[in-house]
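Input: a single structure, listed below in structure tokens.
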Amino acid sequence: MIEFSPKQKEIIRAPFDVTLEVNEGTPRSGKTTAGHFRFAYYLTVTPDENHLIVAYNQEQAYRLFVDGDGTGLIHIFGDLAKPKSDRLGDYLEVYTPTGIKKVYYKGGGKVDSVKAITGMSLGSVIFCEINLLHMNMIQECFRRTFAAKMRYHLADLNPPPPNHPVIKEVFEVQKTRWKHWTIQDNPIISEERKQEIYETLSKNPYLLQRDWYGKRVMPEGVIYGMFDMDKHILSTLLGEPYEMFFTADGGQGDATSVSCNIVTRYNGKFRLNRVANYYHSGSETGQVKAMSVYAREIKAFVNWCVEKFQMRYTEFFVDPACKSLREELHLIGIDTRPANNNAHDIKGSSKGIEVGIERAQNAITNEQFFLVENDKYDHYNFIKEVGMYSRDENGKPIDDFNHAMDEFRYSVNYFYKRYVL
């Protein structure tokens, strides 16, 4: 038996009388669960056959809305829903009182994501974490529903910075019903759990305002706030390749993140290109893997990168603290070296980790660091972390949202000492 809050009930039962509905607010606020049941209700009444769920990548689209941690479409409809595929892609076939519906799920975070929906005619689109989607994909989705009999769009997101383009270019352009959500709107979170979350977030003023009060705030405390999704993400690798290497940060409960990096020379300047990322979090997925399993999956990742980019790698650096991961990698034939984690670095007034952070900030600012898109091991988790990794009220980097950020720093350390200094 699912218990809904008054706001969730209001959202689920609302009339379908606007072009776009936006649920914006904090994580763990119950907004996505409300979206699951809202969309399920819509599917039972719309005469349109084809619909779309779009997230940064296809895996996220399935996880966030088809599965939805137990409250997504496949659970709501039960035996009336079956995963299938056709020439247009993977979809969930749903039997409803108004006919069979096809709910496609696709990725929309890349520059060329729009190719996946060209020619499709849709009744509705669900935008998961709309602030992480490419604007071309968002706008094309609205065009794909022009001929719908019961046109509908639903978006959810955590509060973006107040100057994020999705606000002016999407929310303020459409006829929009906007709802603000906080953790107080989630009926299943206990007061004890709320207090625990508050105490964690209160260590950082930025995260407290964003993830507790649900406010749009400028990320002054975010360490890599100079990263620009338009400027620093490329669809292809540019320049003459010089070297491929890997860096890794690992843990079982925490996330394990491994990046493939290629150094190129472009317009007379060396660049560090992050071309692929293996990432798994035991705490986020609820699936804690043995280090031996991580090692096998990482080896498959390495082999994919070697084949994809037709390059041999020179180095594989691992956080010195991850001794068990290094040992498992050695057992399956991957030699590793301890990564430079800045433990002994001093540069001017900067010491330790701050030296690496400064180098990484300079690499981004000086246009010497880029993400390069690929079809399989994308940068979703890097992009999420880069927008969250921040400092506490004392100016110290918070030990959270930092697994991809740590191994990113290790890659920059190697790049700087070999190609810049």
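Nothing in this text is a laboratory measurement; each read-out follows from the coordinates by a stated rule. Remember, predicted model here, so these are calculated numbers, not experimental data. Positions of Cβ are backbone-derived with ideal geometry, glycine not excepted, and every protein chain shown enters the neighbour counts.
Pull out a ≥ b ≥ c, the square roots of the eigenvalues of the alpha-carbon gyration tensor of segment 233-420, then state rounded if a/c is under 1.5, prolate if not and a/b is larger than b/c, and oblate in the remaining case. Here segment 233-420 falls in the rounded category. Estimated from the Cβ-Cβ distance and a Förster radius of 35 angstrom, the FRET efficiency linking residue 327 and residue 118 is about 0.15.
Ordered by the count of other Cβ atoms within 10 Å of each Cβ, fewest first, 39, 301 give 301, 39. Compute the signed sum of charges (Lys and Arg +1, Asp and Glu -1) over the other residues within less than 9 Å, Cβ to Cβ, of residue 373. In short, -2.
Against the chain, whose longest principal axis comes from its Cα atoms, helix 291-309 is set at around 90 degrees.
For segment 1-151, rounded, prolate or oblate, judged on the Cα gyration tensor with a ≥ b ≥ c (square roots of eigenvalues), a/c < 1.5 rounded, else prolate if a/b > b/c? Here segment 1-151 falls in the rounded category. Taking other residues whose beta carbon is less than 10 angstrom from the beta carbon of residue 130, and scoring Lys, Arg as +1 and Asp, Glu as -1, yields -3. Cysteine residues of the chain whose C-beta has no other cysteine C-beta under 4.7 angstrom: 128, 141, 322. Counting only DSSP beta bridges with both residues in the chain, the antiparallel share comes to about 50 percent. Put in order of Cβ neighbour count within 10 Å, fewest first, the listed residues 406, 249, 400 become 400, 406, 249. Here segment 25-162 is assigned +1 on the Cβ of each Lys and Arg and -1 on the Cβ of each Asp and Glu. Its dipole about the Cα centre then comes out at about 260 debye. May I ask for the distance between the Cα centers of segment 106-150 and segment 156-220, given as a whole number of Å? Answer, in whole Å: 24. Rounding to the nearest 10 and keeping the result within 0 to 90°, find how far the Cα-based axis of helix 135-144 lies from the longest principal axis of the chain. Between helix and principal axis, roughly 20 degrees.
Take every DSSP beta bridge whose two residues both sit in segment 51-189; close to 50 percent of them are antiparallel.
Across the chain the C-alpha pair distances fall into 10 Å bins from zero in the proportions 4, 20, 30, 26, 15, 4, 0 percent. As a proxy for reagent exposure, 115, 101 were ordered by neighbouring Cβ count within 10 angstrom, fewest first; the result is 115, 101. In a simple Cβ point-charge model (Lys, Arg +1; Asp, Glu -1; nothing else charged), the chain has a dipole of about 800 debye relative to its Cα centre. Gain on full extension, evaluated as 0.36 nm per residue between residue 308 and residue 69 minus their Cα-Cα distance, stands at 82.8 nm.
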